[in-house]
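The values are calculated or read from the model by the stated rules, or taken from the named source; none is laboratory data. Keep in mind that this is a model prediction, so the values were computed, not measured. Methodologically, a virtual Cβ is constructed for each residue, glycine included, from the backbone with ideal geometry; neighbour enumeration extends over all protein chains shown. The accessibility values were calculated without ligands, DNA or RNA, using every heavy atom of the protein model including side chains. Shrake-Rupley method; radii C 1.70, N 1.55, O 1.52, S 1.80 Å.
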Amino acid sequence: MKSATKRILVTGGAGFLGSHLCERLIAQGQDVLCVDNFFTGRKDNVAHLLKQPRFELMRHDITFPLYVEVDEIYNLACPASPIHYQLDPVQTTKTSVHGAINVLGLAKRVHAKILQASTSEVYGDPEIHPQTESYWGRVNPIGVRSCYDEGKRCAETLFFDYWRQHQLRIKVVRIFNTYGPRMHPNDGRVVSNFIMQALKGEDITIYGDGTQTRSFCYVDDLIEAVVRTMDTPDDFTGPINIGNPREFTMLDLAEEVLRLTGSSSKISFKPLPSDDPKQRQPDTGLAGSVLRWSPKVELEAGLAETIAYFRTRLEPQSRAHSEAADFAELA
Ligand code: NAD
Ligand code: UDP
(Lines give C-alpha, C1' and ligand atoms only; values in the text may rest on other atoms or scores of the structure.)
(Ligands and ions follow the chains in the order given, each with its own letter.)
Protein backbone atom coordinates (compact mmCIF):
# COMPACT_ATOMS: atom_id res chain seq x y z
CA MET A 1 0.00 0.00 0.00
CA LYS A 2 1.35 3.47 -0.87
CA SER A 3 1.92 5.63 2.22
CA ALA A 4 0.21 9.05 2.44
CA THR A 5 2.09 12.10 1.22
CA LYS A 6 3.70 14.06 4.03
CA ARG A 7 4.22 17.83 4.15
CA ILE A 8 7.88 18.28 5.03
CA LEU A 9 9.75 21.45 5.96
CA VAL A 10 13.48 21.55 5.24
CA THR A 11 15.21 24.58 6.76
CA GLY A 12 18.49 25.40 5.04
CA GLY A 13 17.06 23.51 2.07
CA ALA A 14 18.94 25.55 -0.53
CA GLY A 15 22.31 24.64 0.97
CA PHE A 16 24.62 21.78 0.10
CA LEU A 17 23.03 19.01 2.19
CA GLY A 18 19.56 20.59 2.21
CA SER A 19 19.28 20.60 -1.57
CA HIS A 20 20.13 16.88 -1.76
CA LEU A 21 17.61 16.18 1.00
CA CYS A 22 14.86 18.13 -0.80
CA GLU A 23 15.64 16.22 -3.99
CA ARG A 24 15.44 12.90 -2.16
CA LEU A 25 12.12 13.74 -0.43
CA ILE A 26 10.55 14.97 -3.68
CA ALA A 27 11.64 11.71 -5.36
CA GLN A 28 9.82 9.84 -2.58
CA GLY A 29 6.62 11.72 -3.50
CA GLN A 30 6.52 14.04 -0.46
CA ASP A 31 5.45 17.71 -0.41
CA VAL A 32 8.53 19.76 0.42
CA LEU A 33 8.71 23.31 1.72
CA CYS A 34 12.28 24.56 1.47
CA VAL A 35 13.03 27.54 3.69
CA ASP A 36 16.33 29.41 3.39
CA ASN A 37 17.72 32.92 3.85
CA PHE A 38 20.36 32.26 1.14
CA PHE A 39 23.28 33.20 3.37
CA THR A 40 25.38 30.29 2.12
CA GLY A 41 22.73 28.47 0.11
CA ARG A 42 21.79 29.29 -3.49
CA LYS A 43 18.57 29.22 -5.48
CA ASP A 44 20.60 27.51 -8.15
CA ASN A 45 20.96 24.45 -5.89
CA VAL A 46 17.22 23.82 -6.04
CA ALA A 47 16.42 25.43 -9.42
CA HIS A 48 15.83 21.99 -10.94
CA LEU A 49 13.13 21.30 -8.31
CA LEU A 50 11.14 24.48 -8.89
CA LYS A 51 9.16 22.95 -11.74
CA GLN A 52 7.95 20.16 -9.43
CA PRO A 53 4.44 20.90 -8.17
CA ARG A 54 5.28 19.30 -4.82
CA PHE A 55 8.18 21.68 -4.17
CA GLU A 56 7.95 25.18 -2.67
CA LEU A 57 10.77 27.62 -1.92
CA MET A 58 10.45 30.35 0.72
CA ARG A 59 13.00 33.01 1.67
CA HIS A 60 12.92 33.23 5.43
CA ASP A 61 15.40 33.59 8.29
CA ILE A 62 14.70 30.99 10.96
CA THR A 63 15.78 33.33 13.73
CA PHE A 64 12.25 34.69 13.21
CA PRO A 65 9.12 32.60 13.90
CA LEU A 66 7.54 30.72 11.04
CA TYR A 67 3.87 29.80 10.77
CA VAL A 68 3.28 26.90 8.39
CA GLU A 69 1.46 23.56 8.60
CA VAL A 70 3.74 20.55 8.22
CA ASP A 71 4.07 16.93 9.38
CA GLU A 72 7.85 16.72 9.63
CA ILE A 73 10.72 19.20 9.98
CA TYR A 74 14.38 18.73 9.08
CA ASN A 75 16.31 21.61 10.66
CA LEU A 76 19.47 22.12 8.61
CA ALA A 77 19.66 25.92 8.55
CA CYS A 78 23.10 27.03 9.75
CA PRO A 79 26.30 27.93 7.92
CA ALA A 80 28.58 24.90 8.26
CA SER A 81 32.02 25.92 7.11
CA PRO A 82 34.38 27.71 9.51
CA ILE A 83 34.92 30.76 7.27
CA HIS A 84 31.19 31.25 6.80
CA TYR A 85 30.08 30.71 10.39
CA GLN A 86 32.87 32.99 11.63
CA LEU A 87 31.83 35.86 9.31
CA ASP A 88 28.99 36.84 11.67
CA PRO A 89 29.41 34.68 14.77
CA VAL A 90 26.52 36.28 16.66
CA GLN A 91 24.14 35.46 13.82
CA THR A 92 25.56 31.90 13.78
CA THR A 93 24.65 31.36 17.44
CA LYS A 94 21.26 33.00 16.86
CA THR A 95 20.59 30.68 13.93
CA SER A 96 21.34 27.61 16.05
CA VAL A 97 19.66 28.75 19.27
CA HIS A 98 16.83 31.14 18.30
CA GLY A 99 16.36 29.06 15.16
CA ALA A 100 15.96 25.87 17.24
CA ILE A 101 13.47 27.59 19.56
CA ASN A 102 11.43 28.74 16.56
CA VAL A 103 11.34 25.39 14.78
CA LEU A 104 10.68 23.50 18.01
CA GLY A 105 7.82 25.91 18.79
CA LEU A 106 6.46 25.25 15.32
CA ALA A 107 6.77 21.47 15.80
CA LYS A 108 4.94 21.75 19.13
CA ARG A 109 2.09 23.78 17.64
CA VAL A 110 1.51 21.48 14.66
CA HIS A 111 2.58 18.19 16.37
CA ALA A 112 5.30 17.64 13.79
CA LYS A 113 8.19 15.23 14.15
CA ILE A 114 11.47 17.17 14.05
CA LEU A 115 15.08 16.31 13.22
CA GLN A 116 18.10 18.43 14.12
CA ALA A 117 21.23 18.46 11.94
CA SER A 118 23.81 18.51 14.69
CA THR A 119 27.50 17.97 14.17
CA SER A 120 30.63 16.12 15.18
CA GLU A 121 31.81 19.55 16.33
CA VAL A 122 29.84 18.97 19.55
CA TYR A 123 32.75 16.65 20.46
CA GLY A 124 35.24 19.53 19.96
CA ASP A 125 38.86 18.39 19.98
CA PRO A 126 38.11 14.91 21.33
CA GLU A 127 40.07 12.80 23.82
CA ILE A 128 38.04 9.72 22.84
CA HIS A 129 38.74 8.11 19.51
CA PRO A 130 36.62 7.17 17.60
CA GLN A 131 33.83 9.30 19.02
CA THR A 132 30.78 7.52 20.43
CA GLU A 133 27.48 9.25 21.12
CA SER A 134 28.00 8.86 24.89
CA TYR A 135 31.12 11.08 24.80
CA TRP A 136 30.37 14.61 26.10
CA GLY A 137 33.07 16.37 24.14
CA ARG A 138 35.88 18.84 24.74
CA VAL A 139 34.78 22.21 23.40
CA ASN A 140 36.35 25.60 24.02
CA PRO A 141 33.40 27.81 25.04
CA ILE A 142 35.10 31.12 24.13
CA GLY A 143 37.10 30.35 20.99
CA VAL A 144 36.52 31.26 17.35
CA ARG A 145 34.67 27.99 16.65
CA SER A 146 32.44 28.33 19.74
CA CYS A 147 29.64 30.20 17.98
CA TYR A 148 29.09 27.07 15.91
CA ASP A 149 30.05 24.32 18.40
CA GLU A 150 28.27 25.77 21.43
CA GLY A 151 25.34 26.94 19.31
CA LYS A 152 24.86 23.37 18.10
CA ARG A 153 25.29 21.98 21.63
CA CYS A 154 22.65 24.38 22.95
CA ALA A 155 20.33 23.39 20.09
CA GLU A 156 20.71 19.74 21.18
CA THR A 157 19.84 20.79 24.75
CA LEU A 158 16.71 22.53 23.49
CA PHE A 159 15.67 19.50 21.46
CA PHE A 160 16.00 17.20 24.48
CA ASP A 161 14.19 19.67 26.78
CA TYR A 162 11.28 19.92 24.34
CA TRP A 163 11.23 16.11 24.27
CA ARG A 164 11.27 15.80 28.09
CA GLN A 165 8.99 18.78 28.79
CA HIS A 166 6.55 18.67 25.86
CA GLN A 167 6.95 15.08 24.63
CA LEU A 168 7.91 16.27 21.17
CA ARG A 169 9.02 13.58 18.73
CA ILE A 170 12.68 14.53 18.17
CA LYS A 171 15.67 13.07 16.32
CA VAL A 172 19.22 14.41 16.65
CA VAL A 173 21.83 13.39 14.07
CA ARG A 174 25.50 14.26 14.55
CA ILE A 175 26.91 14.70 11.08
CA PHE A 176 30.62 14.16 10.43
CA ASN A 177 32.50 15.82 7.54
CA THR A 178 30.42 15.35 4.41
CA TYR A 179 31.34 16.28 0.85
CA GLY A 180 29.92 16.09 -2.65
CA PRO A 181 28.45 18.10 -5.52
CA ARG A 182 26.92 21.49 -4.57
CA MET A 183 29.43 22.19 -1.85
CA HIS A 184 30.16 25.90 -1.98
CA PRO A 185 33.43 26.27 -3.95
CA ASN A 186 34.63 29.08 -1.69
CA ASP A 187 33.55 27.65 1.63
CA GLY A 188 37.10 27.02 2.78
CA ARG A 189 36.41 23.39 3.64
CA VAL A 190 39.22 21.06 2.90
CA VAL A 191 37.60 19.00 0.13
CA SER A 192 36.35 22.01 -1.85
CA ASN A 193 39.58 23.94 -1.28
CA PHE A 194 41.85 21.12 -2.45
CA ILE A 195 39.74 20.35 -5.53
CA MET A 196 39.40 24.00 -6.58
CA GLN A 197 43.13 24.57 -6.03
CA ALA A 198 44.04 21.45 -8.01
CA LEU A 199 41.72 22.37 -10.90
CA LYS A 200 43.05 25.92 -11.04
CA GLY A 201 46.69 24.78 -10.78
CA GLU A 202 47.15 26.70 -7.53
CA ASP A 203 49.08 25.43 -4.50
CA ILE A 204 47.22 22.92 -2.33
CA THR A 205 47.13 24.55 1.12
CA ILE A 206 47.65 22.12 3.96
CA TYR A 207 47.11 23.69 7.38
CA GLY A 208 49.60 22.50 9.97
CA ASP A 209 51.70 19.47 9.05
CA GLY A 210 48.78 17.62 7.44
CA THR A 211 48.80 14.73 9.91
CA GLN A 212 45.45 15.75 11.42
CA THR A 213 42.68 13.38 10.38
CA ARG A 214 39.08 13.59 9.23
CA SER A 215 36.63 10.94 8.02
CA PHE A 216 34.76 11.96 4.88
CA CYS A 217 31.23 10.84 4.06
CA TYR A 218 29.77 11.17 0.57
CA VAL A 219 26.54 13.16 0.46
CA ASP A 220 24.31 10.34 -0.90
CA ASP A 221 25.27 8.06 2.00
CA LEU A 222 24.62 10.85 4.47
CA ILE A 223 21.15 11.68 3.11
CA GLU A 224 20.14 8.02 3.21
CA ALA A 225 21.03 7.83 6.90
CA VAL A 226 19.29 11.13 7.73
CA VAL A 227 16.03 10.01 6.10
CA ARG A 228 16.26 6.61 7.83
CA THR A 229 16.72 8.38 11.16
CA MET A 230 13.54 10.42 10.66
CA ASP A 231 11.70 7.15 9.99
CA THR A 232 12.84 5.41 13.20
CA PRO A 233 10.21 4.60 15.85
CA ASP A 234 9.10 7.52 18.05
CA ASP A 235 11.01 6.26 21.08
CA PHE A 236 14.33 6.68 19.25
CA THR A 237 15.67 10.23 19.71
CA GLY A 238 19.38 9.85 19.03
CA PRO A 239 21.82 11.48 19.22
CA ILE A 240 23.21 9.32 16.45
CA ASN A 241 26.51 9.68 14.62
CA ILE A 242 26.36 9.71 10.85
CA GLY A 243 29.55 9.64 8.87
CA ASN A 244 32.07 7.45 7.19
CA PRO A 245 34.46 5.85 9.70
CA ARG A 246 37.31 5.59 7.19
CA GLU A 247 39.90 8.08 8.41
CA PHE A 248 42.40 10.01 6.30
CA THR A 249 45.12 12.54 7.02
CA MET A 250 44.97 15.83 5.12
CA LEU A 251 48.19 14.73 3.39
CA ASP A 252 46.41 11.57 2.15
CA LEU A 253 43.52 13.67 0.91
CA ALA A 254 45.79 16.12 -0.93
CA GLU A 255 47.57 13.26 -2.69
CA GLU A 256 44.28 11.63 -3.70
CA VAL A 257 42.93 14.91 -5.10
CA LEU A 258 46.14 15.49 -7.05
CA ARG A 259 46.00 11.96 -8.47
CA LEU A 260 42.32 12.14 -9.48
CA THR A 261 42.53 15.59 -11.04
CA GLY A 262 45.85 14.89 -12.74
CA SER A 263 46.93 18.32 -11.49
CA SER A 264 50.53 19.44 -11.16
CA SER A 265 49.75 21.76 -8.24
CA LYS A 266 52.35 21.82 -5.47
CA ILE A 267 51.58 21.33 -1.79
CA SER A 268 52.20 24.31 0.49
CA PHE A 269 51.95 24.33 4.28
CA LYS A 270 50.06 27.10 6.16
CA PRO A 271 49.51 27.69 9.89
CA LEU A 272 46.94 25.51 11.62
CA PRO A 273 43.81 27.52 12.57
CA SER A 274 43.12 27.74 16.31
CA ASP A 275 41.04 24.99 17.96
CA ASP A 276 41.43 22.82 14.87
CA PRO A 277 40.62 19.24 16.02
CA LYS A 278 43.57 16.85 15.60
CA GLN A 279 41.51 13.82 14.75
CA ARG A 280 37.93 12.94 14.03
CA GLN A 281 36.31 9.61 13.33
CA PRO A 282 32.75 8.53 14.02
CA ASP A 283 31.85 5.37 15.85
CA THR A 284 28.93 4.34 13.63
CA GLY A 285 27.90 1.26 15.61
CA LEU A 286 24.59 2.82 16.63
CA ALA A 287 23.77 3.82 13.04
CA GLY A 288 24.61 0.26 11.95
CA SER A 289 22.28 -1.34 14.46
CA VAL A 290 19.39 1.16 14.55
CA LEU A 291 19.34 2.28 10.91
CA ARG A 292 20.84 -0.86 9.37
CA TRP A 293 23.04 1.56 7.49
CA SER A 294 26.67 1.80 6.56
CA PRO A 295 28.29 4.16 4.05
CA LYS A 296 28.79 2.66 0.59
CA VAL A 297 30.71 5.27 -1.41
CA GLU A 298 34.50 5.05 -1.29
CA LEU A 299 36.50 8.27 -1.14
CA GLU A 300 37.85 7.77 -4.67
CA ALA A 301 34.38 7.47 -6.23
CA GLY A 302 32.94 10.33 -4.17
CA LEU A 303 35.85 12.61 -5.01
CA ALA A 304 35.49 11.79 -8.71
CA GLU A 305 31.82 12.95 -8.63
CA THR A 306 32.76 16.07 -6.70
CA ILE A 307 35.64 16.92 -9.03
CA ALA A 308 33.31 16.54 -12.03
CA TYR A 309 30.88 18.98 -10.38
CA PHE A 310 33.57 21.58 -9.68
CA ARG A 311 34.90 21.24 -13.23
CA THR A 312 31.48 22.25 -14.58
CA ARG A 313 31.43 25.24 -12.18
CA LEU A 314 34.73 26.41 -13.63
CA GLU A 315 33.53 26.25 -17.24
CA PRO A 316 33.28 29.72 -18.83
CA GLN A 317 29.51 29.60 -19.45
CA SER A 318 28.93 28.55 -15.86
CA ARG A 319 31.20 31.27 -14.48
CA ALA A 320 29.36 33.85 -16.56
CA HIS A 321 26.16 32.81 -14.82
CA SER A 322 25.00 35.15 -12.06
CA GLU A 323 25.86 32.51 -9.51
CA ALA A 324 29.50 33.46 -9.96
CA ALA A 325 28.65 36.67 -8.15
CA ASP A 326 27.25 34.68 -5.20
CA PHE A 327 30.50 32.77 -4.99
CA ALA A 328 32.62 35.90 -5.13
CA GLU A 329 30.53 37.48 -2.34
CA LEU A 330 31.49 34.82 0.18
CA ALA A 331 34.99 34.28 -1.20
P1 NAD B 1 25.35 25.01 3.91
O2 NAD B 1 25.98 26.27 4.41
O3 NAD B 1 25.52 24.64 2.48
O4 NAD B 1 23.79 25.01 4.21
C5 NAD B 1 23.20 25.72 5.27
C6 NAD B 1 21.96 26.41 4.72
O7 NAD B 1 21.31 27.12 5.78
C8 NAD B 1 22.28 27.43 3.62
O9 NAD B 1 21.41 27.25 2.54
C10 NAD B 1 22.05 28.78 4.33
O11 NAD B 1 21.70 29.80 3.42
C12 NAD B 1 20.95 28.41 5.30
N13 NAD B 1 20.86 29.30 6.46
C14 NAD B 1 21.86 29.74 7.25
N15 NAD B 1 21.37 30.52 8.22
C16 NAD B 1 20.02 30.56 8.04
C17 NAD B 1 18.97 31.22 8.73
N18 NAD B 1 19.18 31.98 9.81
N19 NAD B 1 17.70 31.04 8.28
C20 NAD B 1 17.46 30.28 7.18
N21 NAD B 1 18.42 29.65 6.48
C22 NAD B 1 19.69 29.80 6.92
O23 NAD B 1 25.87 23.84 4.86
P24 NAD B 1 25.63 22.26 4.77
O25 NAD B 1 26.95 21.63 4.67
O26 NAD B 1 24.58 21.95 3.79
O27 NAD B 1 25.08 21.98 6.25
C28 NAD B 1 23.70 21.78 6.51
C29 NAD B 1 23.53 21.45 7.99
O30 NAD B 1 24.26 20.28 8.33
C31 NAD B 1 24.04 22.56 8.93
O32 NAD B 1 23.16 22.69 10.02
C33 NAD B 1 25.37 22.03 9.39
O34 NAD B 1 25.71 22.52 10.66
C35 NAD B 1 25.14 20.54 9.40
N36 NAD B 1 26.41 19.81 9.23
C37 NAD B 1 27.03 19.75 8.01
C38 NAD B 1 28.24 19.07 7.91
C39 NAD B 1 28.97 18.96 6.59
O40 NAD B 1 30.04 18.35 6.56
N41 NAD B 1 28.46 19.44 5.49
C42 NAD B 1 28.83 18.49 9.04
C43 NAD B 1 28.16 18.60 10.25
C44 NAD B 1 26.95 19.25 10.34
N1 UDP C 1 42.37 22.23 5.97
C2 UDP C 1 43.55 22.26 5.25
N3 UDP C 1 43.60 23.03 4.14
C4 UDP C 1 42.53 23.75 3.69
C5 UDP C 1 41.33 23.70 4.42
C6 UDP C 1 41.29 22.94 5.57
O7 UDP C 1 44.55 21.60 5.60
O8 UDP C 1 42.67 24.41 2.65
C9 UDP C 1 42.32 21.36 7.17
C10 UDP C 1 41.74 22.04 8.41
O11 UDP C 1 42.73 22.73 9.13
C12 UDP C 1 41.21 20.82 9.16
C13 UDP C 1 40.78 19.86 8.05
O14 UDP C 1 41.43 20.30 6.88
O15 UDP C 1 42.23 20.22 9.92
C16 UDP C 1 39.27 19.86 7.80
O17 UDP C 1 38.84 21.19 7.66
P18 UDP C 1 37.34 21.57 7.28
O19 UDP C 1 37.23 23.05 7.42
O20 UDP C 1 36.99 20.96 5.97
O21 UDP C 1 36.47 20.82 8.36
P22 UDP C 1 36.47 20.81 9.96
O23 UDP C 1 37.75 21.37 10.50
O24 UDP C 1 35.28 21.60 10.35
O25 UDP C 1 36.35 19.35 10.26
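Every listed requirement among (1) open to solvent by 10 Å² or more (accessible area, probe 1.4 Å); (2) more than 16 Å from ligand 1 (Cβ to nearest atom); (3) among the hydrophobic types (A, V, I, L, M, F, W, C) is met by I206 save one, (1).
Taking the criterion of being in contact with a strand residue (DSSP E or B) (Cβ under 6 Å, 6 or more places away or on another chain), within 12 Å of L258 (Cα to Cα) and either more than 9 Å from ligand 2 (Cβ to nearest atom) or in a loop (DSSP other than H, G, I, E, B) (or both), the only residue of segment 192-232 that qualifies is D203.
Residues in segment 26-39 that are surrounded by fewer than 24 Cβ atoms within 10 Å (Cβ to Cβ) and either among the β-branched types (V, I, T) or outside any loop (DSSP other than H, G, I, E, B) (or both): how many?
4
Test K6 against the stated conditions and say whether it is without any contact (Cβ under 8 Å) to a residue 12 or more places away in the chain, basic (K, R), over 19 Å from A77 (Cα atoms) and open to solvent by 40 Å² or more (accessible area, probe 1.4 Å). Here the answer is no, as K6 does not meet what is asked.
Of all residues in segment 159-189 being in contact with a Ser or Thr (Cβ under 9 Å, 6 or more places away or on another chain) and part of a helix (DSSP H, G or I), which is farthest from P245 (Cα to Cα)?
Initial filter on segment 159-189 (in contact with a Ser or Thr (Cβ under 9 Å, 6 or more places away or on another chain)): 159-160, 163, 169-177, 179-189.
Now narrow it down to the ones that are part of a helix (DSSP H, G or I): 159-160, 163.
Numbers: F159: 26, F160: 26, W163: 29 Å.
Filtering first and then ranking leaves W163.
Cβ separations smaller than 7 Å between residues 6+ apart or across chains give the following pairs from segment 273-300 residues that are within 27 Å of L260 (Cα to Cα) to residues that are in a loop (DSSP other than H, G, I, E, B) and open to solvent by 60 Å² or more (accessible area, probe 1.4 Å): Q279/H129; Q281/H129; L299/R246.
Table: residues versus (1) farther than 17 Å from C78 by Cβ; (2) touching a helix residue (DSSP H, G or I) at 6+ places or on another chain (Cβ under 8 Å); (3) open to solvent by 40 Å² or more (accessible area, probe 1.4 Å); (4) of a type in the set (F, W, Y).
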position	(1), (2), (3), (4)
A112	yes, yes, no, no
Q116	no, yes, no, no
E121	no, yes, no, no
Y135	yes, yes, no, yes
R138	yes, yes, yes, no
I142	yes, no, yes, no
R145	no, yes, no, no
F160	yes, no, no, yes
L168	yes, yes, no, no
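Just to be sure, is T119 over 23 Å from F236 (Cβ atoms), at pLDDT 95 or above, hydroxyl-bearing (S, T, Y) and within 16 Å of ligand 2 (Cβ to nearest atom)? So T119 does not fit the description; no.
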